[in-house]
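Just so you know, all these numbers are worked out from the coordinates, no wet-lab data involved. The structure presented is a predicted model; accordingly, all values stated were derived computationally and were not measured. Ideal geometry is used to build each Cβ from the backbone, glycine not excepted, and the neighbour counts take in all protein chains shown.
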Amino acid sequence: MASQFLSRLAFVARGLLRHLVRQWSGYLVVGALAVWSYLHYRIGVNVSGSLPGHVYLIELDMPPTRVGQLVAFTWQRNAFYRPERLFIKQVRGVPGQCVTRVGRQVFVDGRPQGTAKPASRQGIPLEPIAPGIIPCGYLYVGAPHPDSLDSRYRITGLVGPERIVGRAYELF
């Protein structure tokens, strides 16, 4: 019985070896594509209702350059999320544009961005962003949802280049 098992195992091993010898180039191509994809892309999942999509392709090291594009960035440690948490938001302001406030209403170059709530749903106090010019390399980010934790709030603030992971594209 053991000899039958060993004989069968040897037969399977020889078949596998023949397959690998014949198909090595295909496996090499698939492996190279997997490594290349890992070095250039990530998949992001939106678990909140802040953006309409749920799954996003993130192109690494490709920062967005204009208003309307989507950006993936890391969070900064505070009461809401861990720093490794990845956020996806829409670029609503780029370097040189002016952030202003009237009370808790926030504007970028005169375009309304929403009203900063006084507290989060958990009751944590929230301060609106300070007015000023968006500096070089930084982005004002937002989302259409009124509960979006975005650049309207000081706790999120402007997203700097050290936090930008890349440009995001909605998949579905």
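The label-point distance for Ser25 and Ala130, in a model that sets each label 7 Å from Cα toward Cβ, rounds to 6.2 nm.
GNM on the chain, alpha-carbon springs under 10 angstrom: the most fluctuating residue among Tyr153, Tyr38, Tyr27 is Tyr27. Against the chain, whose longest principal axis comes from its Cα atoms, helix 2-40 is set at around 30 degrees. Relative contact order for the chain: 25 percent, from Cα pairs under 8 Å spaced at least 6 residues apart, divided by residue count. Simple spin-label estimate for Asp61 and Arg101 gives 3.7 nm between the two label positions (7 Å along the Cα-to-Cβ direction from each Cα). Residues within the reach of a label modelled at Arg42 (point 7 angstrom out along Cα to beta-carbon, backbone nitrogen below 17 Å), restricted to the stretch 140-172, are 159-171. The residues neighbouring Gly142, those whose beta-carbon lies less than 9 Å from its own, together hold a net charge of +2 under the Lys/Arg +1, Asp/Glu -1 convention. Summing charges over all other residues whose Cβ lies under 14 Å from the Cβ of Ile88, with Lys and Arg as +1 and Asp and Glu as -1, gives +3. Labels on offer are [x] 9, 27, 21, 8, 7, 7, 6, 6, 6, 3, 0; [y] 9, 30, 25, 10, 8, 8, 6, 2, 0; [z] 8, 26, 20, 17, 15, 11, 3, 0, and the one holding P(r) over Cα pairs in 10 Å bins from 0, in percent computed from this structure is [y].
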